[in-house]
Amino acid sequence: MQGRKSLMKVLFQTRTNLFEAPGGDMIQMLKTKEFLEKKGIQVDISLAFEPDLKEYDLVHLFNLMEPQDIYRQMINAKKQNKQIVLSTIYGLYTEFERKARGGLFQKVANFLTPYQIGYIKTMVKHSKEKRMHKGVYQMMYKRYYGLMKEIVSQTSVFLPNSDSEMKRVAKEFKLKDPKYISIPNAIDKSVFSENTSLDGNPFLQYKDCILCAARIEGRKSTLNLVRAVKNTPYHLVLVGKESQNQQHYVNQVHEEAGENVTFLGAITHQELKQLYQVAKVHALVSWMETPGLSSLEAAAMGINIVVTPKGDTYDYFEDYAFYCEPDDVNSITAAIKKAFETPVNPKLKEKILQKYTWEQTAEETIKAYNLALENK
């Protein structure tokens, strides 16, 4: 008796430094893979530019913001007549570059288009990291926007994290009636669900803290968050790696942090869950989020969240979150105070556990695959 044939086999592809520089896109890929496999879909990951695709039904690309890598992967998929679906993860940091980056580049950025900014940053990064390759050289000729435009034009079905993200993509690349299915960014409810017992919790000393689980960098506006808790009764706990490319900024964060700020560095998911259990508020005051995994996790753990309206946060959190501006310290302080003093509305947690889980992500992703394969 033959074994049951899987529903389909899919290849995930994305930027070549995924595992050297992990980010939200890596978590999205790995979790999507895990939960698709639970539903019988075979999923492999390849960061190569020209893998053999004959055994795959389609190619799933991730992260339009790294076009120099996925452009090569897209070309390979088209050569081998494979349908392409794209998780866009699309959010330009133009406002941050022009208002808060600091230094000479901030001044220059005010005279450049968003895509010229992206081009320069990509070229500098790849040169510095000695990662020049054919995709980067093609970007010299076709430019940052040009590569994105070609990738978008060859995509069968888009998988944005929200309707508002798809609207941005459609507007920027002049798409008319694109085929898309909104794929929620999600939480692992087997890890991040409320547990009222604090017995043995190693973080009890941080009870009722303000927590921020995010990389320490300018785009997350960590420095303004530190300034916002200065001379307040709140204790801020920062969790996450420090940006290697913004050492001056990271140093400034440490210099301005008072005794009411604790740096814990990178921690495990289980430890993060234990921190959510003792925290009073989670604050992620970024210049752009689609919508921020740690905000979702914190809300699912039953604590109030402070976010900015930049990006797609409102699609997810509606009026249940407390909003502030990333460049306004008083605004951040006021939002934290309000979130700290306001009872938690259980409806946000209910919404997340119903709509924003990896099980739901897998279901919607399969719908997108079937839609793409109808185009063959």
Checklist entry - Quick one: if you stick a label point 7 Å off each Cα along the C-beta vector at Ala48 and Asn375, how many nm between them? => result 2.5
Checklist entry - Given +1 on the Cβ of Lys and Arg, -1 on the Cβ of Asp and Glu, and no further charges, what dipole in debye does region 198-295 carry about its Cα centre, rounded to the nearest 20? => result 180
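Report the charge-dipole magnitude of the chain in Debye, nearest 20, computed about the Cα centre from +1 at each Lys and Arg Cβ and -1 at each Asp and Glu Cβ. List each step's numbers first, then the result.
Values: 51 positive and 44 negative charges, 258 e Å.
Using Cβ point charges on Lys, Arg, Asp and Glu, the chain gives about 1240 debye.
Between Asp208 and Glu256, what is 0.36 nm times their sequence separation minus the Cα-Cα distance? Round to one decimal in nm. Don't jump to the answer; show the numbers that get you there.
On the way: separation 48, 0.36 × 48 = 17.28 nm, distance 2.19 nm.
Full extension from Asp208 to Glu256 adds 15.1 nm.
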Checklist outcome for this item: Between the Cα axis of helix 67-79 and the main Cα principal axis of the chain, the angle (0 to 90°, nearest 10) is 30
Checklist outcome for this item: Under 5 Å from the placed amide H of Ile187, counting only residues 5+ away or on other chains, we find Thr357, Trp358
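Relative to the Cα centre, what is the charge dipole magnitude of region 324-376, using +1 at the beta carbon of each Lys and Arg, -1 at the beta carbon of each Asp and Glu, and rounding to the nearest 20 debye?
Working: 8 positive and 9 negative charges, 43 e Å.
Approximately 200 debye in magnitude.
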Checklist entry - Taking the Cα-to-Cβ direction at Ser197 and at Lys176 and moving 7 Å from each Cα, how far apart do the two end points lie in nm? => result 6.2
Checklist entry - What FRET efficiency, computed as 1/(1 + (r/R0)^6) with R0 = 45 Å and r the Cβ-Cβ distance, is obtained for Gln270 and Arg131, rounded to the nearest 0.05? => result 0.85
Next on the checklist: Taking the Cα centroid of region 97-117 and of region 284-320, what is the distance between the two, rounded to the nearest whole Å?
Outcome noted: 26
Item to check | From phi via Karplus (6.51, -1.76, 1.60), per-residue ³J(HN,Hα) for region 178-183 in Hz, x at Gly/Pro | outcome: x, 6, 8, 10, 5, 10
Next on the checklist: Using a 1.4 Å probe on the protein heavy atoms, what percent of the accessible area of the chain belongs to carbon and sulfur?
Outcome noted: 50
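Set the Förster radius R0 to 25 Å, insert the Cβ-Cβ distance between Ile27 and Asn245 as r into 1/(1 + (r/R0)^6), and round the FRET efficiency to 0.05.
Values: r = 20 Å, r/R0 = 0.80.
According to the calculation, E is roughly 0.80.
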Item to check | In order through region 317-327: 3J(HN,Hα) via Karplus (6.51 cos²θ - 1.76 cosθ + 1.60), integer Hz, x for Gly, Pro | outcome: 9, 6, 8, 7, 8, 10, 9, 8, 9, x, 9
Item to check | Exposed-loop-free span, longest in the chain, where GluC sites (Glu not before Pro) count as exposed if DSSP calls them loop and at most 16 other C-beta atoms lie within 10 Å | outcome: 260-373
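How much FRET efficiency would the formula 1/(1 + (r/R0)^6) give for Leu7 and Leu104, where r is the Cβ-Cβ distance and R0 is 56 Å, rounded to 0.05?
On the way: r = 53 Å, r/R0 = 0.94.
Taking R0 as 56 Å, the efficiency between Leu7 and Leu104 is 0.60.
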Checklist entry - Taking Lys171 as the anchor, which aspartates and glutamates have their alpha carbon closer than 16 Å to its alpha carbon, excluding any fewer than eight residues away along the same chain? => result Glu150, Asp163, Asp312
Checklist entry - Which of Ser294, Ser286, Ser46 moves the most in a Gaussian network model of the chain with Cα springs under 10 Å? => result Ser46
Checklist entry - ³J(HN,Hα) across region 54-66 via Karplus (A = 6.51, B = -1.76, C = 1.60, θ = phi - 60°), whole Hz, x for Gly/Pro? => result 4, 8, 9, 7, 7, 10, 10, 8, 10, 6, 5, 6, 10
Item to check | On Cα atoms only, tilt of 134-153 relative to the major axis of the chain in degrees | outcome: 90
Item to check | Distant-in-sequence amide H partners of Gly311 (H built 1.01 Å from N, under 5 Å) | outcome: Glu289
Checklist entry - If you line up the long axis of helix 163-172 against the longest principal axis of the chain, both from Cα atoms, how many degrees apart are they, to the nearest 10? => result 60
Item to check | Partner aspartates and glutamates for Lys33 [C-alpha distance under 16 Å; skip if fewer than 8 residues away on the same chain] | outcome: Asp25, Asp44, Asp57, Asp188, Glu359, Glu363, Glu364
Item to check | Alpha-carbon centroids, region 132-167 and region 333-364: separation in whole Å | outcome: 31
Checklist entry - What spacing in nm lies between the two simple spin-label points modelled at Lys167 and Val124, each 7 Å away from Cα in the Cβ direction? => result 3.2
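The values are calculated or read from the model by the stated rules, or taken from the named source; none is laboratory data. All figures in this text were calculated on a predicted structure; none of them were measured in a lab. Glycine also receives a Cβ, built like all others from the backbone with ideal geometry; neighbour counts cover every protein chain displayed. When the accessible area is computed, the model is the full protein with side chains, heavy atoms only, and any ligands, DNA or RNA have been set aside. Shrake-Rupley method; radii C 1.70, N 1.55, O 1.52, S 1.80 Å.
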